[in-house]
1. Restrict the check to segment 111-119 and report whether at least one residue is modelled with pLDDT under 95, surrounded by 11 or more Cβ atoms within 10 Å (Cβ to Cβ) and either touching a strand residue (DSSP E or B) at 6+ places or on another chain (Cβ under 6 Å) or within 28 Å of Ala244 (Cα to Cα) (or both).
2. Within segment 44-58, which residues are assigned to a helix (DSSP H, G or I) and out of contact with any helix residue (DSSP H, G or I) (no Cβ under 9 Å at 6 or more places or on another chain)?
3. Inside segment 168-279, counting only helices (runs of 4 or more DSSP H) that do not spill past its ends, which hold 1 or more residues that are modelled with pLDDT of 95 or more, in contact with an Asp or Glu (Cβ under 7 Å, 6 or more places away or on another chain) and not assigned by TED's automatic domain parsing to the domain that holds Thr110?
4. Test Gly26 against the stated conditions and say whether it is outside the structural domain of Pro204 (by TED's automatic domain parsing), in a strand (DSSP E or B) and either touching a Leu at 6+ places or on another chain (Cβ under 7 Å) or at pLDDT below 95 (or both).
5. Got a number for residues in segment 90-110 being in contact with an Asp or Glu (Cβ under 8 Å, 6 or more places away or on another chain) and at pLDDT 95 or above?
6. Against the condition part of a loop (DSSP other than H, G, I, E, B), at pLDDT 95 or above and crowded, with 16+ Cβ neighbours inside 10 Å, how does Arg158 come out, does it pass?
7. Among the residues of segment 246-275, count how many are buried (at least 16 other Cβ atoms within 10 Å of the Cβ) and farther than 30 Å from Ala230 by Cα.
8. Tell me, yes or no, whether segment 191-207 has at least one residue that is surrounded by fewer than 17 Cβ atoms within 10 Å (Cβ to Cβ), of a type outside the set (A, V, I, L, M) and closer than 15 Å to Arg144 by Cβ.
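The values are calculated or read from the model by the stated rules, or taken from the named source; none is laboratory data. Here the structure is a predicted model, which is why all the values come from computation and not from measurement. Here the Cβ positions follow ideal geometry from the backbone for every residue, glycine too, while neighbour counts run over all protein chains shown.
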Amino acid sequence: MPEAPAPHVFDTAIALAHQGGDDFAGHTSPAYWNMIGPFGGITAAIALNAVLQHPQLLGEPVSLTVNFAGPVTQGPFTARARPARTNRSTQHWWVELVQTGADGEESVSTTATVVTAARRATWGASDAPMPAVPAPADVARSVRPGNVAAWLARYEVRTIEGDIPQVWEGQHAESSLSRWWLRDDPPRPLDFASLTAMADVFFPRVWLKRATRVPVGTVSMTVYFHADGAQLAANGEQYLLAEARAQAFRDGFFDQTGLLWGADGRLLCSTHQVVYYKE
């Protein structure tokens with residue numbers, strides 16, 4: 001009898017074991033490590049996964065907001081997902097990621113709110129059509145140095161425009177817009193957790209705008225899901241088109257918005273962040 005294939009590295013990174021009640025045990029993954037902690041997208045995906053694994057879950061995700069309150073240290077953590085209110089077709093969740101320090105005290109590193117809903121078929125339209133761009137096969141794969149941050153090697157990126165600066169000369173770019181084709185590496189069928197992580201793959205817009213590598217950190221991130229689980233599954237392992245831009249840089253913070261379309265041109269999610277930066 002053939003052995004079952006090993007789980008995808010992403011599934012290992014977001015894996016949670018139900019501890020009873022609202023608590024789920026997890027462990028940080030070196031495969032998604034950033035410079036000083038986990039990749040923010042994997043932390044957001046873990047917070048969402050705690051809701052997706054909860055036995056009281058109603059429906060599918062509609063929105064997720066993650067606030068990165070403090071550092072996540074290497075090692076075990078508890079993801080605590082509590083249904084704050086359940087209505088007839090919507091459910092509101094409160095999520096915390098906590099770790100126990102050497103002193104035995106719990107410390108909250110991440111807070112999140114999630115809204116899930118039992119979706120129903122209605123009229124629909126989109127005011128954000130997928131832009132006309134070259135096909136993935138016609139765009140060269142971008143170099144993402146995994147030796148700088150391990151998580152960069154977990155994604156295949158094919159940049160159409162707005163790549164990370166190759167020369168940090170401090171010149172202001174006219175636009176902070178980036179567009180690229182994106183998928184997991186190795187490829188993995190799309191679902192809500194992986195889409196959440198992909199919504200955070202954009203490098204900081206201030207780096208593109210200024211061509212200066214200043215210290216940065218995401219403070220808060222929101223993802224709005226415009227597709228249901230069946231639509232995500234239909235995308236399979238195909239590329240997503242991802243687009244990001246900033247609106248304003250001021251007083252140590254900037255915002256950035258992102259849009260991710262599926263291979264069929266359907267807008268799958270929109271995302272918004274506020275990011276801290278330092279001179």
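1. Filtering segment 111-119 down to residues modelled with pLDDT under 95 leaves 119.
Pick out the ones that are also surrounded by 11 or more Cβ atoms within 10 Å (Cβ to Cβ) and you get 119.
Filter once more, so that each one left must be either touching a strand residue (DSSP E or B) at 6+ places or on another chain (Cβ under 6 Å) or within 28 Å of Ala244 (Cα to Cα) (or both): 119.
Yes; the residues of segment 111-119 include at least one that is modelled with pLDDT under 95, surrounded by 11 or more Cβ atoms within 10 Å (Cβ to Cβ) and either touching a strand residue (DSSP E or B) at 6+ places or on another chain (Cβ under 6 Å) or within 28 Å of Ala244 (Cα to Cα) (or both).
2. Here is the first cut: in segment 44-58, the ones assigned to a helix (DSSP H, G or I) are 44-52.
Listed by number, the residues that qualify are Ala50, Val51.
3. 192-198, 229-235
4. Values: outside the structural domain of Pro204 (by TED's automatic domain parsing): yes; in a strand (DSSP E or B): yes; either touching a Leu at 6+ places or on another chain (Cβ under 7 Å) or at pLDDT below 95 (or both): yes.
Yes, satisfied.
5. If we filter segment 90-110 for residues that are in contact with an Asp or Glu (Cβ under 8 Å, 6 or more places away or on another chain), which is where we start, we get 98-100, 108, 110.
Retained after the next criterion (residues that are at pLDDT 95 or above): 98-99, 108, 110.
Going through segment 90-110 one residue at a time, the tally reaches 4.
6. Values: part of a loop (DSSP other than H, G, I, E, B): no; at pLDDT 95 or above: yes; crowded, with 16+ Cβ neighbours inside 10 Å: yes.
No: the conditions fail for Arg158.
7. Here the count works out to 5.
8. Within segment 191-207, not a single residue is surrounded by fewer than 17 Cβ atoms within 10 Å (Cβ to Cβ), of a type outside the set (A, V, I, L, M) and closer than 15 Å to Arg144 by Cβ.
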